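The values are calculated or read from the model by the stated rules, or taken from the named source; none is laboratory data. If you're wondering where the values come from, they're calculated on a predicted model, not measured in any experiment. Neighbour counts run over all protein chains shown; Cβ positions are idealised from the backbone, glycine included. The protein model used for the area step is the full one, side chains on, heavy atoms only, and it has no ligands, DNA or RNA in it. Shrake-Rupley method; radii C 1.70, N 1.55, O 1.52, S 1.80 Å.
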Amino acid sequence: HVTGGGGEKGPGSRTPAAKLSEMLQGGLSTVVGVLGTDSISLSVETLANTVAGLNRLPITAYMYTGAYRSVPASPTITGSVMKDIALLDSVIGVGEVAVADFRGSQLTVQQLATLISDAQVGGLLGGKAGVVYAHLGNNDEMLSGLKEALRISGVGIQQVIPTHVSRTAALTAAAGEWLAAGGYADITAGSRAADVAAGYLEQGLPRDHILVSSDAYGSMPRFDAQKRLIGFDYARPSRLISFLNNMLAKGYDLATALPLVTINPATALRLPRGKGQLLEEGDADVAVWALHSPQGAEPDASGTLLELRHLYNRGVLARSPECVAKDMFEDAPP
């Protein structure tokens, strides 16, 4: 949520916009910007401009067109989801489309099928993934509407990526079935993320289809049974490093944990130039880590097993223990 997000607590509750230094301190080399609940005071045009600005800095940025709201139409730049994906370089799909969430447009199965088809055709024409990034709420339908929409459209399961699948135990289980059927499932890097990822790995589900994302700068509202807001916070970009540390503490090695936040998302989104891996003639996105204890050991006094030391983005040193790159107005004089 590079433009900031949220807004569920009224005016003044939009979460902060992304800061370059915070993203780099969180080990991020590539981000995909989204709109969420608020597509009224925020727009896809604002998102596109923010993404263009980030791409002038030592970080790579893409975006989804659309937002939670999809009826009567998803907010777009060209007037069409298909055209946005096909014609705009930074747009790789549509999202976050809210499904099974009271904040969404309550799309019918036919509307979902049309959106999925439009996104895929846009991807074909633009040489991109053309995925639907589906925000999953905690309504009872969970993934059932998406499954039926895929059946109607005839589109493959990998064209829809459900996210926030760690939200509830029931949704985690449903997403496990989605993985078993060949789809991708995206875990939000919160308090349950390592437990959910470990559970999928222990079940023998396809490990290269398990994704973990930060949801950085997205709001984290809590609602009661009547959908009344009872708590509010936002996600920090450091959550992916916390996730990796939690996986190491569970006894998983880096060869197992790192792909969940690097090559797996890059492959699912078909990002170009060798994103998520070290590849000849690819982007030189390199993170240098210090491992303080063997896998499975207790963290040190700071709670850290894995510490980010240096981060090179597109071959440029963007973060070191001594300094970090900043955007134009960070630390600006009063």
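What do you reckon, is R56 of a type in the set (K, R) and either open to solvent by less than 10 Å² (accessible area, probe 1.4 Å) or over 23 Å from M220 (Cβ atoms) (or both)? When the stated conditions are applied, R56 passes them. Note on region 239-284: residues that are charged (D, E, K, R), open to solvent by 30 Å² or more (accessible area, probe 1.4 Å) and assigned to a loop (DSSP other than H, G, I, E, B) total 6. If you go through region 198-235 and pick out every residue that is out of contact with any Phe, Trp or Tyr (no Cβ under 8 Å at 6 or more places or on another chain), farther than 19 Å from A134 by Cβ and in contact (Cβ under 8 Å) with a residue 40 or more places away in the chain, you end up with 2. Taking the criterion of being more than 21 Å from T37 (Cα to Cα) and buried (at least 20 other Cβ atoms within 10 Å of the Cβ), the only residue of region 62-84 that qualifies is M82. Note on region 6-34: residues that are in a loop (DSSP other than H, G, I, E, B) and over 24 Å from I230 (Cβ atoms) amount to 8. The residues listed here are L107, L112, L124; of these, the one that is touching a Gly at 6+ places or on another chain (Cβ under 7 Å) and under 26 Å from S219 (Cα atoms) is L112.
Within the set A297, A301, the sole residue that is open to solvent by less than 60 Å² (accessible area, probe 1.4 Å), assigned to a loop (DSSP other than H, G, I, E, B), hydrophobic (A, V, I, L, M, F, W, C) and at pLDDT below 90 turns out to be A297.
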